[in-house]
Amino acid sequence: MCGIVGAVAQRNVTPILLEGLKRLEYRGYDSAGIAVIDNQNEIKRCRTKGKVQELANSLEPKILRGTTGIAHTRWATHGKPSIKNAHPHICKHLISVVHNGIIENHQKLREQQKSEGHIFTSETDTEVVVHQVYNEINLGNDLLQSVINATSVLEGAYALGVISNAEPNRLIATRKGSPLVIGIGIEEFFIASDVFALLPVTRQFIFLEEGDIADITIDELKIYDSKGNIVQRETKETEISSGATGKGEYKHYMLKEIHEQANVIAETCEGRISDDKVLSATFGVDAQDIFKSIDNIQIVACGTSFHAGLVARYWFEEYANISCSIEVASEFRYRKQVVKDNTLLITISQSGETADTLAALRIAKQRGYTSTLAICNVPESSLVRESDLVLMTRAGPEIGVASTKAFTTQLVAFLLLVIGIGKQKNCISSEQEAYLVSRLKALPQLVKNVLMLDEEIKEIATEFANCNNALFLGRGSQYPIAMEGALKLKEISYIHAEAYPAGELKHGPLALVDEHMPVIAVAPNDDLLDKLKSNLEEVHARAGKLLVFADSKTQIEESEGLKVIRIGEVNDCVAPILFTLPLQLLSYHVAVTKGTDIDQPRNLAKSVTVE
């Protein structure tokens, strides 16, 4: 989503700030801005709606120069996309602020500040921050203490960069719930929302921890923790190259992207969760009112994104108690529809340019849907621009044609959305929300644990190399995961694979089972486990080769023709996400064994932009 860049140096920082903004464009934004303290000790600012390049173009005649500055790309939450709502914000020519996140008590602060004589020039929640810092400076505090005092009254999530022409070679940075890193140069320091923004100027980084506040000058960097103690944070040298699309240590992009999932899942949640709740403004302007008004959900997607929607249907009906339907976009767009009153249309696409999904969105706008929401990974895509509400997955560039990290971040985005809608419909209690949020917070480490099975799965994959067919089984919300596993195997190894609900075996698929047909099953320890075990016995009795990815407590034991890989105790809302991972690794290693083109499989493209 929004992106921050800042710098304190002995050289003109404007080119550095602009390059940083360009490298943050993938996060999604609708406006951009920059503010520097010039050699006359004045804060000079330029803001534009639209692309960073438009900001760069507008700077040329103004020749904005300075050795201390901050810059920002904004994705609208409070206030529509416009120049007046773009960051940085300034108060009385003295203070300038950039902000990522959501200030939940902004309305209360706004009314208080108006009564004190502050004039608001934007509709944003951020403007209360700059006024609050000004108030503290007006009481005689220095910039550091002013930011400390100001943030003590803020509620919500934020990452901040603050400068003042009263202390022109100083930059204060702090974070709570939104990421912020410090880049270390030679007699210069930088801040940014992520490492990638600063790779052209440094490879040395400090990652601020929750509640940290950094006091940055040309000569010195001091970091204080949330209790006000000076702390030393580890300096790390990044292994990421300035070309973020490189494969790094991995043989294929797909494997790299599989192993990036813990980090990108954390990124999907960053700034959207505070304490034990999902921030309501996460979903954009007017989202709360829209969510309160809907009684039904219609999901439309293609391919892997369709599978994410299938999982979400279970979550919407189980947790948010709201009716949910889903359809493949290429079918949805060509049939007559009966649209239920008060229905929200949700479209999903990694690229945001999928032709059928886009067409479905455009048709739906003519058919009486209450509103439209897009879940997408590419911020400037057509799907994002044409939807009323947007939830970015923040998976970063995904190069491999077979989607991996885009899929799991779509699932995480859906779970955030389920919580958000469920709260507005009064169907999710604060206790239930706290539990679901705790599982989202735990997810990155759980993902890392499952990915440690890589070598074990690699050994098993050799047994699939000579297979021509495979059958995937799952029940409940794991059935779509079985579908996704079958799709991955088809895409990159060219093995014919199909998925079925395990309960459907006796309705036809069991006829295919023999000693030459491998059957892959996902087995969480849930209410359907006993029924799934019966289904597996039906396969085993017919000499089918079984590979079961199981919860550690399922008590499924290995035997001749039955291999079990245990992925830990996984039996709740995040189980579909975690069971996806071994299926991704299986398909990858099978494809490696067969020697296929993993990242660019035959006949396939990353984005299907034509019918």
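The values are calculated or read from the model by the stated rules, or taken from the named source; none is laboratory data. As the structure is a computational prediction, the values presented were derived from the model and not from experiment. Using ideal geometry, Cβ is built from the backbone for each residue, glycine included, and neighbour counts are taken over all protein chains shown. For accessibility, only protein heavy atoms count, side chains too; no ligands or nucleic acids. Shrake-Rupley method; radii C 1.70, N 1.55, O 1.52, S 1.80 Å.
Given axes a ≥ b ≥ c from the Cα gyration tensor, I'd like to know whether segment 169-253 is rounded (a/c under 1.5), prolate (a/b larger than b/c) or oblate.
It is prolate, given that a/c is not under 1.5 and a/b is the larger ratio.
Between Tyr250 and Ser293, what is 0.36 nm times their sequence separation minus the Cα-Cα distance? Round to one decimal in nm.
Fully extending the segment from Tyr250 to Ser293 adds 10.8 nm.
Where in the chain are the DSSP H helices whose C-alpha atoms run 27 Å or more along the long axis and whose mean Kyte hydropathy is at least 0.5?
Taking the DSSP H segments of the chain (at least 27 Å long, mean hydropathy at least 0.5), we get 405-424, 575-594.
With bins 5 Å wide starting at 0, give me the P(r) of segment 467-520 over every alpha carbon pair, in whole percents.
5, 23, 32, 24, 15, 3
So the label point goes 7 Å from the Cα of Glu123 along Cα→C-beta, right? Which residues of segment 42-61 then have their backbone N under 16 Å from it?
The answer is 49-50, whose backbone nitrogens lie closer than 16 Å to the label point.
Students often get this wrong: which residues of segment 309-323 have the backbone nitrogen under 19 Å from the point 7 angstrom along Cα-to-C-beta of Asn426?
Those under the cut-off are 319-323.
In debye, nearest 20, what is the charge dipole magnitude of segment 1-118 about its Cα centre with +1 on Lys and Arg Cβ and -1 on Asp and Glu Cβ, if you could check?
140
Please identify every one of the GluC sites (Glu not before Pro) in segment 380-420 that sits in a loop by DSSP and has no more than 15 other beta carbons within 10 Å of its own beta carbon.
Within segment 380-420, the qualifying GluC sites (Glu not before Pro) (loop, at most 15 other Cβ atoms within 10 Å) are Glu380.
What are the semi-axes of the equivalent ellipsoid for segment 486-595, taken as the square roots of 5 times the Cα gyration tensor eigenvalues, largest first, in whole Å?
20, 19, 13
Among Gln350, Asn571, Thr370, whose Cα lies farthest out toward the positive end of the dipole of the chain, if unit charges sit on the beta carbon of Lys, Arg (+1) and Asp, Glu (-1)?
Going by the charge dipole, the pick is Thr370.
Could you report segment 386-436's accessible area per residue, 1.4 Å probe, as an integer in Å²?
With the other protein chains kept in place, segment 386-436 gives 24 Å² per residue.
If I model a spin label at Asn41 and Glu557 as a point 7 Å from the Cα along the Cα→Cβ vector, what separation in nanometres do I get?
Each label point lies 7 Å from its Cα, and together they span 8.2 nm.
Could you size up the charge dipole of the chain around its Cα centre, putting +1 on the beta carbon of Lys and Arg and -1 on that of Asp and Glu, and report it in debye to the nearest 20?
Once rounded to the nearest 20, the dipole reads 1500 debye.
With a cut-off of 8 Å between alpha carbons and a minimum separation of six or more residues, what is the relative contact order of segment 442-565 in percent?
Relative contact order comes out at 21 percent.
Per 0.36 nm of contour for each residue apart, how much would the distance between Ala434 and Asn57 grow if the chain were fully extended, relative to their Cα-Cα spacing?
131.1 nm
Charges only on Cβ, +1 for Lys and Arg, -1 for Asp and Glu: so what's the dipole of segment 329-444 about the Cα centre, in debye to the nearest 20?
240
What is the calculated FRET efficiency for Glu209 to Glu116, with r their C-beta to C-beta distance and R₀ = 41 Å, to the nearest 0.05?
0.80
Return the whole-Å distance between the Cα centroid of segment 151-184 and the Cα centroid of segment 326-402.
After rounding, the separation between the Cα centres reads 35 Å.
With the full set of protein chains in place, find how many percent of the accessible area of the chain is carbon and sulfur; take the probe as 1.4 Å.
46
Among Ala159, Ile43, Gly303, pick out the residue whose Cα is farthest towards the positive end of the charge dipole of the chain, where Lys and Arg carry +1 and Asp and Glu carry -1 on C-beta, about the Cα centre.
Going by the Cα projections, it comes out as Ile43.
Which of Gly420, Val264, Thr126 sits farthest toward the positive end of the charge dipole of the chain, with +1 on the Cβ of Lys and Arg and -1 on the Cβ of Asp and Glu?
With unit charges placed on the Cβ atoms, the residue in question is Thr126.
So what is the accessible area of segment 145-257 per residue, in Å², with the probe set to 1.4 Å?
43
By a straight-distance test (C-alpha under 26 Å), which lysines pair with Lys227 as possible cross-link partners, with residues fewer than eight away in the same chain excluded?
Hits, sequence-local ones excluded: Lys108, Lys176, Lys236, Lys277, Lys441.
Give me the percent of DSSP beta bridges within the chain that run antiparallel, rounded to the nearest 5.
Here the share of antiparallel DSSP bridges comes out near 60 percent.
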